[in-house]
Amino acid sequence: MAKLSDIQKWLEGTLGGDAPRANSLIKTVRQSGMFTTSGKGRHAPQMVSTDYATAICAALVTDPPTAAPATIAQLLSARFSYLEVTRADDGDPVLYNDTIQWSDKDEYGNRVLPKFFVDVPKTVSAALCKIADEYRKTGRDGMSFYDCVELWVDGDAWVDIHLNGLDFGTVDEGADWTKNKKQTEYNWRFRYHTRRHGKTRSGRAIMVRLDSQALYGLAELAHAPEVPGGEVV
């Protein structure tokens with residue numbers, strides 16, 4: 001498990017080595033009370049699931065650091081809009097709205113939701129926390145994994161969380177999809193929406209994407225054994 005200093009190093013890497021911005025973001029977000037804090041140096045607290053969710057949204061925002069906490073809070077509270085499920089045979093995506101239930105199954109007998117979701121996470125925070133919890137327990141190979149998290153801003157804002165089954169993309173073209181359907185051959189896109197997201201630069205639409213390697217790095221921090229940590233400068 002990681003400490004805030006580890007998350008700061010991760011954030012710096014996702015920002016292309018922009019240490020001043022990473023440092024400023026962590027400082028202002030921590031001062032806003034959005035990161036776990038209690039003690040410093042070797043007594044600094046271990047990060048929990050909500051901290052990983054906050055870190056992901058911190059990497060997505062383009063606001064000045066002083067305005068970032070408000071935007072991060074908006075993104076974390078963005079509400080579920082719909083789920084898009086694509087099967088590895090490259091068929092058309094199947095859309096599900098917020099009426100989906102945890103027990104719902106498709107025509108192949110597979111649960112519509114990934115196995116680690118008991119029900120549809122209603123907010124971005126809930127979805128990212130659940131994913132972090134699974135990584136904490138299983139590591140990368142124990143579950144379906146991140147593909148990417150995307151933020152789209154064009155007046156309103158949308159957060160897309162993409163998850164690939166471990167076998168998605170490995171099915172031969174033209175394979176017989178009347179047999180042996182597995183949920184690991186599915187891709188899920190969870191879309192969340194919020195109406196207010198501050199101002200976009202120059203009034204233009206923006207898209208920010210965290211790819212799988214950045215998310216894997218944060219997931220590995222969540223899964224790593226507890227080690228003595230340092231204090232964020």
Worksheet item: Looking at THR86, is it at pLDDT below 95 and part of a helix (DSSP H, G or I)?
Response: no
Discussion item. Of the conditions (1) in contact with a Lys or Arg (Cβ under 7 Å, 6 or more places away or on another chain); (2) among the polar types (S, T, N, Q); (3) under 25 Å from TRP152 (Cβ atoms), SER125 satisfies every one except a single condition; which number is it?
Written reply: (1)
Practice prompt. Test each condition in (1) in a loop (DSSP other than H, G, I, E, B); (2) at pLDDT below 90 for GLY33 and report the one that comes out false.
Written response: (2)
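Taking the criterion of being basic (Lys, Arg), at pLDDT 70 or above, surrounded by fewer than 20 Cβ atoms within 10 Å (Cβ to Cβ) and under 20 Å from the mean Cα position of the chain (by Cα), would at least one residue in segment 175-188 satisfy it?
Looking only at segment 175-188, we keep the residues that are basic (Lys, Arg), and these are 179, 181-182.
Filter once more, so that each one left must be at pLDDT 70 or above: 182.
Checking the rest, the ones that are also surrounded by fewer than 20 Cβ atoms within 10 Å (Cβ to Cβ) come to 182.
Those left that are additionally under 20 Å from the mean Cα position of the chain (by Cα): none.
No: zero hits.
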Discussion item. Any residue that is modelled with pLDDT of 70 or more, exposed (fewer than 15 other Cβ atoms within 10 Å of the Cβ) and not in a helix (DSSP H, G or I) - is there at least one of those in segment 120-127?
Written reply: yes
Item to complete: Would you mention how many residues in segment 1-26 are at pLDDT 95 or above and of a type in the set (Ser, Thr, Tyr)?
Response: 1
Worksheet item: Within segment 57-72, is there a residue that is of a type outside the set (Asp, Glu), part of a strand (DSSP E or B) and at pLDDT 75 or above?
Response: no
Worksheet item: Any idea which residue in segment 128-151 is surrounded by the fewest Cβ atoms within 10 Å (Cβ to Cβ), counting only those that are modelled with pLDDT under 70, part of a strand (DSSP E or B) and not charged (D, E, K, R)?
Response: PHE145
Fill in: Selection within segment 89-118 - among the aliphatic types (A, V, I, L, M) and assigned to a loop (DSSP other than H, G, I, E, B)
ILE100, VAL112, LEU113, VAL118
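The values are calculated or read from the model by the stated rules, or taken from the named source; none is laboratory data. Since this is a predicted model, take the numbers as computed values, not measurements. For neighbour counting, all protein chains shown are included, and Cβ atoms are generated from backbone atoms with ideal geometry for every residue, glycine included.
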